[in-house]
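First the structure, which I've put down as structure tokens, then a few questions once you've had a look.
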């Protein structure tokens, strides 16, 4: 009986410790209202990101190492601090990560975009694997995208699909918005990002830890 209750309370603690998706949240100076269909979808991603305390805490420790560097770069570049969570989504802060589409490094740049953003990419040096240089490049890319939309949510979406793709689907009336609804039809990449922010924000700031007792 004692073993049963010990297992029960350990499981209950783990579930309770998982971050929950709010109805409203702040992102890059914007207020996002998250509708129930989107909340359910984002919560599934949050649960998946936190279901293994071991793997979650590995990413948390990487974030604690690299985030101060990224924060300094973003402050210099005047890019919202919230975008630092995107690097966890893109590469899990693994310097030499390579995607199936041959995007490389912390911020998962393809070679032509990396060069366009001022990075050196050749047989000797690949600055996509340098946290400082690549974070400056990521910030420049996000600022370039935001120039078109004056809306950081769409700048985030453009990070994955390109500004051209977003321009085709976004009404001009939504440029400059500071309040937005996140719904089930919101682009998946944006919802995935919000899941990463929710899953890691408090823990990285030292407000809790996902663990099994």
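Which Rg and Dmax, in Å, describe the Cα atoms of the stretch 15-103?
Looking at the stretch 15-103, its Cα Rg and Dmax stand at 14.8, 39 Å.
Taking the Cα of residue 143, stepping 7 Å toward and past its beta carbon, and measuring to each backbone N in the stretch 53-74: which are under 12 Å?
It comes to 73-74, nothing else.
With an 8 Å Cα cut-off and a minimum separation of 6 or more residues, compute the relative contact order for the stretch 49-146 in percent. Could the numbers behind the result be given before it?
Values: 115 pairs, mean separation 23.2, N = 98.
This gives 24 percent for the stretch 49-146.
Moving on. Explain nothing, just the number: relative contact order of the chain, from Cα pairs under 8 Å at least 6 residues apart, as a whole percent.
Values: 281 pairs, mean separation 65.7, N = 213.
Worked out over the chain, it gives 31 percent.
OK, next. Could you identify which residue out of 115, 104, 60 has the top mean-square fluctuation in a GNM of the chain using Cα springs shorter than 10 Å?
115
Kirkwood Rh, Cα Rg: Rg to Rh for the stretch 155-206?
Details: Rg = 13.1 Å, Rh = 12.6 Å.
Rg/Rh for the stretch 155-206 comes to 1.04.
Shifting gears a bit: Just check the stretch 86-213 against the gyration tensor rule for me: Cα atoms, a ≥ b ≥ c as the square roots of the eigenvalues, rounded for a/c under 1.5, and otherwise prolate or oblate depending on whether a/b exceeds b/c. Walk me through the intermediate numbers first.
Values: a/c = 2.04, a/b = 1.07, b/c = 1.91.
It is oblate, given that a/c is not under 1.5 and a/b is not larger than b/c.
Percent of Cα-Cα pairs per 5 Å bin, from 0 to the last occupied bin, for the stretch 76-140, please list those.
Taking all Cα pairs of the stretch 76-140, the binned fractions are 4, 20, 31, 26, 14, 4, 1 percent.
Still on this structure, please answer the following. Comparing 103, 199, 139, which has the greatest mean-square fluctuation in the GNM of the chain with Cα pairs linked when under 10 Å apart?
Residue with maximal mean-square fluctuation among 103, 199, 139: 103.
Using only alpha carbons, build the gyration tensor for the stretch 2-204 and give me the equivalent ellipsoid semi-axes, biggest first, whole Å.
Details: eigenvalues 180, 107, 38 Å².
After scaling each eigenvalue by five and taking roots: 30, 23, 14 Å.
Bear in mind these aren't lab numbers, they're just calculated from the coordinates by the rules spelled out. All figures in this text were calculated on a predicted structure; none of them were measured in a lab. Ideal geometry is used to build each Cβ from the backbone, glycine not excepted, and the neighbour counts take in all protein chains shown.
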